[in-house]
1. Before we move on, is L69 assigned to a loop (DSSP other than H, G, I, E, B), exposed (fewer than 12 other Cβ atoms within 10 Å of the Cβ) and at pLDDT 95 or above?
2. So K2 ticks every box in (1) assigned to a loop (DSSP other than H, G, I, E, B); (2) at pLDDT 90 or above but one. Which box is left unticked?
3. Just to verify a result, which residue in region 5-49, among those that are closer than 15 Å to K77 by Cα, open to solvent by 40 Å² or more (accessible area, probe 1.4 Å) and modelled with pLDDT under 95, is nearest to the chain's Cα centre (by Cα)?
4. Suppose we filter A41, A25, A33, A55 for residues that are part of a helix (DSSP H, G or I) and either aliphatic (A, V, I, L, M) or at positive phi (or both); which single one remains?
Amino acid sequence: MKASFHKDGTLPTDGQIFVFGSNLAGRHGKGAALVAVRYGAVYGVGEGLRGKTFAIPTKDESLRPRTLLQIEQSIKKL
């Protein structure tokens, strides 16, 4: 499967960080989170910089949505 990240089919290049929505449990099982594993995201790590990725948790450990304030605080870490 060839991953595409933009409508024009381009992929992240050197020097770019792939930012993706995550959960605090670090279960990167679907969508962009699953693709992020190819670029260094680590299972069990749900927030922060790993490899060429930065996880922003939009869900908690139980996969419930986090508040906008909590998500905003995670974005500020970026």
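1. No, not satisfied.
2. (2)
3. By that ranking, first place goes to V19.
4. Going through A41, A25, A33, A55 in turn, just one is part of a helix (DSSP H, G or I) and either aliphatic (A, V, I, L, M) or at positive phi (or both): A33.
The values are calculated or read from the model by the stated rules, or taken from the named source; none is laboratory data. All figures in this text were calculated on a predicted structure; none of them were measured in a lab. Every residue, glycine among them, receives a Cβ derived from its backbone with ideal geometry; neighbour counts consider all protein chains shown. Accessible surface is based on the protein model in full, side chains and every heavy atom, while ligands, DNA and RNA are left aside. Shrake-Rupley method; radii C 1.70, N 1.55, O 1.52, S 1.80 Å.
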